[in-house]
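The values are calculated or read from the model by the stated rules, or taken from the named source; none is laboratory data. From a predicted model like this one, the values you see are computed outputs, not experimental measurements. Note that each Cβ is placed from the backbone with ideal geometry, even for glycine, and that neighbours are counted across all protein chains shown. Each accessible area value is taken on the protein alone, full model and side chains, heavy atoms only, with ligands, DNA and RNA left out. Shrake-Rupley method; radii C 1.70, N 1.55, O 1.52, S 1.80 Å.
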Amino acid sequence: RYPLGNSVEKRIKSGRKRKRNTTHPQDLQKQTCRPERVRPRLVHRKDISLVRCHSDLKSIGEEFYKPPDTLLSPTDIRDAWKQGFSIVIPRISEEFPDIAEMCSRILPGISGVLVSANLYATPTHCKGLQPHYDDH
């Protein structure tokens, strides 16, 4: 008998050769890649803010890229960045456990005090926000 297993024995008995892998490289890539994830749309001024400091002789304030509650795409965010808008992601500590742990160590032992973190990214040579503090 053949000690190579049933499928090999059958192939040897029938005289068939093993078929070579003739998969086209594009088909192979489709098989091995994970399915593309659906990107969530971000709500402006809730999930993410695109803001820049606006100061001229007539007004001083902040300018937002789009009205509140507008859905933003990755293209919107990239275009705003190119125009000098800062990207603000509030409550980033809720998404990343390491940042949340760091926030919890800032005021240890004081009950009722919540510390969270926001992320600010501003293009080079631009000003994102006026100096300010939050009282909430």
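Table for the structure above
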| quantity | calculated |
| --- | --- |
| Residues of the stretch 43-91: accessible area per residue with a 1.4 Å probe, Å² | 60 Å² |
| Zone of residue 107's modelled label, taken as backbone nitrogen in the stretch 77-92 under 15 Å from a point 7 Å along Cα→Cβ | none |
| Listed residues 125, 44 arranged by accessible area, highest first, probe 1.4 Å | 125, 44 |
| List 87, 48, ordered by accessible area with a 1.4 Å probe, largest first | 87, 48 |
| Inter-probe distance in nm under a simple model that places probes 7 Å from Cα toward Cβ, at residue 133 and residue 115 | 1.6 nm |
| Accessible-area composition of the stretch 43-91, carbon plus sulfur, in percent [1.4 Å probe] | 54 percent |
